[in-house]
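*Asks:* I have a structure here, written as C-alpha coordinates, and I will follow up with some questions on it.
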Amino acid sequence: MTAHRHSTDSHDGARSVLKPLNFSLRWFEEISSTSDVARELAKSGAAEGTVVVARRQTAGRGKFSSRWFSPEGGLYFTLVLRPEIPAGQSHLLAVAAGLAVADAIELAIGASPQLKWPNDIYLSGKKVAGVLTETEVSNQRVRLALVGIGVNVERPDFGVPDHLQGSAVWLSELGTASLTELLTGVLDSFIVWYQRLKSGDFAMMAESYNRRGLLVGRNVEVRSASQVAAGRCRGIDAQGALVIEQSRGFTTVAAEGEVCSWS
Ligand code: BTN
(Lines give C-alpha, C1' and ligand atoms only; values in the text may rest on other atoms or scores of the structure.)
Protein backbone atom coordinates (compact mmCIF):
# COMPACT_ATOMS: atom_id res chain seq x y z
CA MET A 1 0.00 0.00 0.00
CA THR A 2 1.39 3.40 -0.88
CA ALA A 3 0.27 6.91 -0.08
CA HIS A 4 -1.03 8.46 -3.24
CA ARG A 5 -1.05 11.95 -1.86
CA HIS A 6 2.20 13.88 -1.95
CA SER A 7 2.04 17.15 -0.14
CA THR A 8 4.61 19.77 0.60
CA ASP A 9 5.84 20.55 4.04
CA SER A 10 6.32 24.22 4.70
CA HIS A 11 6.63 24.29 8.50
CA ASP A 12 10.02 25.11 10.03
CA GLY A 13 10.48 27.30 6.99
CA ALA A 14 11.52 24.28 4.90
CA ARG A 15 9.83 22.91 1.81
CA SER A 16 10.24 19.21 1.34
CA VAL A 17 8.12 16.60 -0.39
CA LEU A 18 6.75 14.17 2.17
CA LYS A 19 7.98 10.66 1.70
CA PRO A 20 5.14 8.30 0.76
CA LEU A 21 4.49 5.56 3.29
CA ASN A 22 4.96 2.12 1.74
CA PHE A 23 3.69 -0.73 3.88
CA SER A 24 5.45 -4.05 4.00
CA LEU A 25 3.56 -6.67 6.03
CA ARG A 26 5.24 -9.39 8.10
CA TRP A 27 2.70 -11.97 9.33
CA PHE A 28 3.30 -14.33 12.25
CA GLU A 29 1.09 -17.06 13.70
CA GLU A 30 2.24 -16.58 17.29
CA ILE A 31 4.89 -14.32 18.78
CA SER A 32 5.49 -12.73 22.17
CA SER A 33 4.52 -9.21 21.12
CA THR A 34 4.38 -7.54 17.72
CA SER A 35 6.04 -4.49 19.29
CA ASP A 36 8.99 -6.57 20.51
CA VAL A 37 9.47 -8.19 17.11
CA ALA A 38 9.02 -4.81 15.37
CA ARG A 39 11.75 -3.37 17.61
CA GLU A 40 14.15 -6.18 16.69
CA LEU A 41 13.42 -5.71 13.00
CA ALA A 42 13.83 -1.94 13.32
CA LYS A 43 17.20 -2.44 15.04
CA SER A 44 18.30 -4.51 12.05
CA GLY A 45 17.28 -1.71 9.71
CA ALA A 46 13.61 -2.46 8.85
CA ALA A 47 12.24 0.40 6.78
CA GLU A 48 9.51 2.81 7.79
CA GLY A 49 6.20 1.17 6.91
CA THR A 50 7.16 -2.32 8.10
CA VAL A 51 4.07 -3.78 9.77
CA VAL A 52 4.38 -6.75 12.11
CA VAL A 53 1.09 -8.64 12.44
CA ALA A 54 0.37 -11.64 14.64
CA ARG A 55 -2.59 -13.97 14.93
CA ARG A 56 -1.81 -14.46 18.63
CA GLN A 57 0.56 -12.85 21.13
CA THR A 58 1.85 -14.73 24.14
CA ALA A 59 3.03 -11.57 25.93
CA GLY A 60 1.02 -8.74 24.39
CA ARG A 61 1.77 -5.49 26.20
CA GLY A 62 -0.64 -2.74 27.19
CA LYS A 63 -0.07 0.62 28.82
CA PHE A 64 1.53 0.86 32.28
CA SER A 65 3.13 -2.57 31.84
CA SER A 66 -0.24 -4.31 31.74
CA ARG A 67 -0.88 -7.43 29.65
CA TRP A 68 -2.91 -7.13 26.46
CA PHE A 69 -5.26 -10.12 26.14
CA SER A 70 -4.28 -11.47 22.71
CA PRO A 71 -6.05 -14.71 21.77
CA GLU A 72 -6.72 -15.74 18.17
CA GLY A 73 -9.53 -13.68 16.65
CA GLY A 74 -8.16 -10.24 17.56
CA LEU A 75 -6.10 -7.85 15.47
CA TYR A 76 -2.58 -7.24 16.80
CA PHE A 77 0.02 -5.30 14.86
CA THR A 78 2.84 -2.80 15.18
CA LEU A 79 3.89 -0.19 12.67
CA VAL A 80 7.53 0.78 12.34
CA LEU A 81 7.84 4.52 11.70
CA ARG A 82 10.83 6.78 11.32
CA PRO A 83 8.98 10.09 11.52
CA GLU A 84 11.82 12.56 12.25
CA ILE A 85 9.27 14.87 13.88
CA PRO A 86 10.16 17.07 16.87
CA ALA A 87 9.99 15.12 20.14
CA GLY A 88 7.27 17.49 21.38
CA GLN A 89 4.93 16.18 18.67
CA SER A 90 5.31 12.50 19.55
CA HIS A 91 1.91 12.34 21.33
CA LEU A 92 0.30 13.08 17.99
CA LEU A 93 1.37 9.67 16.66
CA ALA A 94 -1.15 8.06 19.03
CA VAL A 95 -3.74 10.64 17.99
CA ALA A 96 -3.19 9.71 14.33
CA ALA A 97 -3.37 6.00 15.16
CA GLY A 98 -6.54 6.40 17.25
CA LEU A 99 -8.23 8.32 14.45
CA ALA A 100 -7.22 5.65 11.93
CA VAL A 101 -8.56 2.81 14.09
CA ALA A 102 -11.83 4.67 14.65
CA ASP A 103 -12.19 5.34 10.90
CA ALA A 104 -11.55 1.68 10.07
CA ILE A 105 -14.04 0.38 12.63
CA GLU A 106 -16.68 2.81 11.41
CA LEU A 107 -16.09 1.73 7.82
CA ALA A 108 -16.26 -1.96 8.75
CA ILE A 109 -19.31 -2.08 11.00
CA GLY A 110 -20.98 1.32 10.66
CA ALA A 111 -20.82 2.16 14.38
CA SER A 112 -19.11 5.37 15.48
CA PRO A 113 -16.21 4.78 17.90
CA GLN A 114 -15.16 7.38 20.43
CA LEU A 115 -11.64 8.28 21.49
CA LYS A 116 -10.66 8.38 25.12
CA TRP A 117 -7.50 10.38 25.70
CA PRO A 118 -4.79 9.46 25.35
CA ASN A 119 -4.83 6.09 23.55
CA ASP A 120 -8.12 4.24 23.89
CA ILE A 121 -10.87 3.55 21.39
CA TYR A 122 -14.35 3.00 22.78
CA LEU A 123 -17.58 1.58 21.40
CA SER A 124 -20.87 1.57 23.32
CA GLY A 125 -19.06 2.95 26.38
CA LYS A 126 -16.51 0.10 26.51
CA LYS A 127 -12.95 -0.25 25.31
CA VAL A 128 -12.61 -1.96 21.93
CA ALA A 129 -9.01 -1.08 21.00
CA GLY A 130 -5.82 0.41 22.37
CA VAL A 131 -2.66 2.01 21.04
CA LEU A 132 0.78 1.66 22.60
CA THR A 133 3.42 3.99 21.16
CA GLU A 134 7.10 3.58 21.98
CA THR A 135 9.63 6.08 20.68
CA GLU A 136 13.34 6.61 20.43
CA VAL A 137 14.44 10.22 20.42
CA SER A 138 17.80 11.75 19.68
CA ASN A 139 18.65 15.42 19.24
CA GLN A 140 15.02 16.28 19.99
CA ARG A 141 13.68 14.33 16.99
CA VAL A 142 11.69 11.09 17.00
CA ARG A 143 13.97 8.76 15.05
CA LEU A 144 11.94 5.59 15.62
CA ALA A 145 8.34 5.05 16.67
CA LEU A 146 6.69 1.68 17.21
CA VAL A 147 2.95 2.15 17.07
CA GLY A 148 1.30 -0.98 18.44
CA ILE A 149 -2.42 -1.45 17.90
CA GLY A 150 -4.71 -4.08 19.40
CA VAL A 151 -8.37 -4.42 18.43
CA ASN A 152 -10.88 -6.75 20.10
CA VAL A 153 -12.56 -8.38 17.11
CA GLU A 154 -14.01 -11.87 17.82
CA ARG A 155 -15.10 -12.38 21.41
CA PRO A 156 -13.48 -15.70 22.36
CA ASP A 157 -15.84 -18.61 23.06
CA PHE A 158 -13.71 -19.74 25.99
CA GLY A 159 -14.40 -16.52 27.86
CA VAL A 160 -12.41 -13.43 28.79
CA PRO A 161 -10.38 -12.50 31.88
CA ASP A 162 -12.33 -11.08 34.83
CA HIS A 163 -10.75 -7.64 34.60
CA LEU A 164 -12.18 -7.21 31.08
CA GLN A 165 -15.72 -8.29 31.97
CA GLY A 166 -17.94 -5.25 31.66
CA SER A 167 -15.17 -2.87 30.57
CA ALA A 168 -14.24 -4.28 27.14
CA VAL A 169 -16.26 -4.89 24.01
CA TRP A 170 -15.59 -6.98 20.88
CA LEU A 171 -16.62 -5.94 17.37
CA SER A 172 -18.38 -9.29 16.91
CA GLU A 173 -20.93 -8.13 19.53
CA LEU A 174 -21.98 -5.30 17.20
CA GLY A 175 -21.28 -6.47 13.66
CA THR A 176 -19.01 -8.46 11.41
CA ALA A 177 -15.53 -7.44 10.41
CA SER A 178 -12.69 -9.49 8.96
CA LEU A 179 -9.16 -9.02 10.28
CA THR A 180 -7.76 -8.19 6.84
CA GLU A 181 -10.53 -5.70 6.11
CA LEU A 182 -9.84 -3.97 9.42
CA LEU A 183 -6.09 -3.98 9.00
CA THR A 184 -6.37 -2.52 5.50
CA GLY A 185 -8.82 0.08 6.77
CA VAL A 186 -6.51 1.18 9.58
CA LEU A 187 -3.45 1.37 7.31
CA ASP A 188 -5.31 3.27 4.56
CA SER A 189 -6.57 5.82 7.04
CA PHE A 190 -3.26 6.04 8.91
CA ILE A 191 -1.50 7.12 5.70
CA VAL A 192 -3.75 10.17 5.58
CA TRP A 193 -3.47 11.11 9.28
CA TYR A 194 0.29 10.57 9.28
CA GLN A 195 0.69 12.90 6.32
CA ARG A 196 -1.43 15.49 8.09
CA LEU A 197 0.78 15.14 11.14
CA LYS A 198 3.95 15.52 9.11
CA SER A 199 2.48 18.50 7.24
CA GLY A 200 1.77 20.26 10.53
CA ASP A 201 -2.01 20.06 10.16
CA PHE A 202 -2.42 19.63 13.94
CA ALA A 203 -5.53 21.78 14.33
CA MET A 204 -7.41 19.55 11.91
CA MET A 205 -6.25 16.44 13.77
CA ALA A 206 -7.36 17.84 17.13
CA GLU A 207 -10.71 18.90 15.70
CA SER A 208 -11.35 15.40 14.30
CA TYR A 209 -10.21 13.79 17.56
CA ASN A 210 -12.49 16.03 19.59
CA ARG A 211 -15.45 15.23 17.35
CA ARG A 212 -14.98 11.65 18.52
CA GLY A 213 -13.94 12.68 22.02
CA LEU A 214 -15.47 10.49 24.74
CA LEU A 215 -14.48 12.92 27.49
CA VAL A 216 -15.40 16.23 25.88
CA GLY A 217 -17.75 18.20 28.15
CA ARG A 218 -17.40 15.67 31.00
CA ASN A 219 -15.91 16.10 34.44
CA VAL A 220 -12.59 14.30 34.55
CA GLU A 221 -9.78 13.59 36.94
CA VAL A 222 -6.39 13.15 35.33
CA ARG A 223 -3.32 11.84 37.13
CA SER A 224 0.16 12.33 35.71
CA ALA A 225 3.63 12.06 37.24
CA SER A 226 3.61 15.76 38.07
CA GLN A 227 -0.02 16.63 38.86
CA VAL A 228 -3.60 15.62 39.51
CA ALA A 229 -6.01 17.83 37.61
CA ALA A 230 -9.78 17.80 37.87
CA GLY A 231 -12.35 19.77 35.94
CA ARG A 232 -14.41 19.91 32.79
CA CYS A 233 -12.71 18.36 29.76
CA ARG A 234 -12.49 20.69 26.76
CA GLY A 235 -10.89 18.12 24.44
CA ILE A 236 -7.31 18.00 23.22
CA ASP A 237 -5.22 20.88 21.95
CA ALA A 238 -3.07 20.94 18.82
CA GLN A 239 -0.20 19.22 20.70
CA GLY A 240 -2.41 16.32 21.75
CA ALA A 241 -2.59 17.47 25.39
CA LEU A 242 -5.87 17.27 27.31
CA VAL A 243 -7.41 20.65 28.11
CA ILE A 244 -9.14 20.76 31.49
CA GLU A 245 -11.17 23.72 32.65
CA GLN A 246 -10.84 23.92 36.41
CA SER A 247 -12.93 26.03 38.73
CA ARG A 248 -13.05 29.81 38.34
CA GLY A 249 -12.51 29.55 34.59
CA PHE A 250 -8.89 28.48 35.02
CA THR A 251 -7.66 26.09 32.32
CA THR A 252 -4.80 23.63 32.58
CA VAL A 253 -3.40 21.07 30.15
CA ALA A 254 -2.16 17.53 30.76
CA ALA A 255 0.47 16.45 28.22
CA GLU A 256 0.54 12.91 29.60
CA GLY A 257 -1.23 10.90 32.26
CA GLU A 258 -4.27 8.76 32.78
CA VAL A 259 -7.90 9.71 33.21
CA CYS A 260 -8.79 7.91 36.43
CA SER A 261 -12.43 8.96 36.52
CA TRP A 262 -15.00 10.72 34.38
CA SER A 263 -18.69 11.44 34.70
C1 BTN B 1 -3.49 -0.30 25.83
O2 BTN B 1 -3.16 -0.71 26.94
O3 BTN B 1 -4.59 0.23 25.65
C4 BTN B 1 -2.57 -0.46 24.64
C5 BTN B 1 -2.72 -1.82 24.05
C6 BTN B 1 -1.83 -2.07 22.83
C7 BTN B 1 -1.87 -3.51 22.42
C8 BTN B 1 -1.15 -3.75 21.14
S9 BTN B 1 -1.48 -5.33 20.45
C10 BTN B 1 -0.23 -5.07 19.28
C11 BTN B 1 0.92 -4.41 19.99
N12 BTN B 1 1.76 -5.41 20.60
C13 BTN B 1 1.74 -5.34 21.92
O14 BTN B 1 2.37 -6.08 22.69
N15 BTN B 1 0.94 -4.35 22.32
C16 BTN B 1 0.37 -3.65 21.19
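*Asks:* In whole percent, what relative contact order does the stretch 115-231 give with Cα contacts below 8 Å and a gap of six or more residues?
*Replies:* RCO, the stretch 115-231: 21 percent.
*Asks:* Calculate, for the stretch 53-196, the solvent-accessible area per residue in square angstrom, rolling a 1.4 angstrom probe over the heavy atoms of the protein chains.
*Replies:* Here the residues of the stretch 53-196 average 38 Å² of exposed surface.
*Asks:* Based on the mean of other beta carbon atoms within 10 Å per residue, what is the order of 27-38, 95-106, most packed first?
*Replies:* 95-106, 27-38
*Asks:* For the stretch 24-63, what are the per-bin percents of Cα-Cα distances with bins 10 Å wide, up to the bin holding the maximum?
*Replies:* 32, 54, 14
*Asks:* Ranked from highest to lowest mean number of other Cβ atoms within 10 Å per residue, what is the order of the peptides 244-257, 148-161?
*Replies:* 148-161, 244-257
*Asks:* Distance between the C-alpha centers of the stretch 188-209 and the stretch 106-120? Whole Å please.
*Replies:* 16
*Asks:* Would you kindly give the portion of the calculated P(r) for the chain that falls above 36 Å, as a percent of all Cα pairs?
*Replies:* Above the 36 Å cut-off, the chain has 10 percent of its Cα pairs.
*Asks:* Still on this model: Taking the highest mean first, how do the peptides 43-50, 115-122, 170-177 order by number of other beta carbon atoms within 10 angstrom per residue? Mind showing how you got there, number by number?
*Replies:* Numbers: 43-50: 14.6, 115-122: 23.4, 170-177: 16.1.
Packing proxy ranking, top to bottom: 115-122, 170-177, 43-50.
*Asks:* Oh, and also: Quick check on the stretch 153-235: take the gyration tensor over C-alpha atoms, sort the square-rooted eigenvalues as a ≥ b ≥ c, and tell me if it's rounded (a/c under 1.5), prolate or oblate.
*Replies:* Because a/c hits 1.5 or more and a/b fails to exceed b/c, the stretch 153-235 counts as oblate.
*Asks:* While we're here: Percent of accessible area on the stretch 38-102 owned by carbon and sulfur, 1.4 Å probe?
*Replies:* That share works out to 53 percent.
*Asks:* Another question about this same structure. Straight-line reach from residue 43: which aspartates and glutamates have a Cα under 13 Å away, not including same-chain ones fewer than 8 places off?
*Replies:* Output for residue 43: 136.
*Asks:* Let me ask something additional. Label the stretch 89-165 by shape, choosing from rounded, prolate and oblate, from the square roots a ≥ b ≥ c of the eigenvalues of the Cα gyration tensor; if a/c is under 1.5 it is rounded, and otherwise prolate applies when a/b is larger than b/c, oblate when it is not.
*Replies:* In terms of gyration-tensor shape, prolate.
*Asks:* Here's something else I'd like to know. Per the 1.4 Å probe, what fraction of the accessible area of the stretch 189-252, in percent, lies on carbon and sulfur atoms?
*Replies:* Working: 1390 of 2960 Å².
Here carbon and sulfur together make up 47 percent of the probe-accessible area.
*Asks:* Turning to a different aspect of this structure: Checking the a/c ratio against 1.5 first, then a/b against b/c, what shape does the Cα gyration tensor give for the stretch 51-96?
*Replies:* prolate
*Asks:* Quickly estimate the mean residue ellipticity at 222 nm for the chain, helices only: each DSSP H run with n ≥ 4 gives -39500 (n - 2.57), and the total goes over all residues, rounded to 500.
*Replies:* So the calculated ellipticity at 222 nm is -7500 deg cm²/dmol.
*Asks:* Aspartates and glutamates within cross-link reach of residue 127: Cα-Cα under 17 Å, excluding same-chain residues under 8 positions apart?
*Replies:* Within reach: 103, 106, 154, 162, 173, 258.
*Asks:* Whole-Å semi-axes of the stretch 73-201's equivalent ellipsoid, largest first, each the root of 5 times a Cα gyration tensor eigenvalue?
*Replies:* Ellipsoid semi-axes (Å, largest first): 27, 15, 12.
*Asks:* So between residue 232 and residue 184, what do we pick up on full extension, going 0.36 nm a residue minus the alpha carbon distance?
*Replies:* Extra length from residue 232 to residue 184 when fully extended: 13.7 nm.
The values are calculated or read from the model by the stated rules, or taken from the named source; none is laboratory data. In this text the structure is predicted, and so the values were computed from the model without any measurement. Using ideal geometry, Cβ is built from the backbone for each residue, glycine included, and neighbour counts are taken over all protein chains shown. Ligands, DNA and RNA are excluded from the accessible area calculation, which covers all protein heavy atoms including side chains. Shrake-Rupley method; radii C 1.70, N 1.55, O 1.52, S 1.80 Å.
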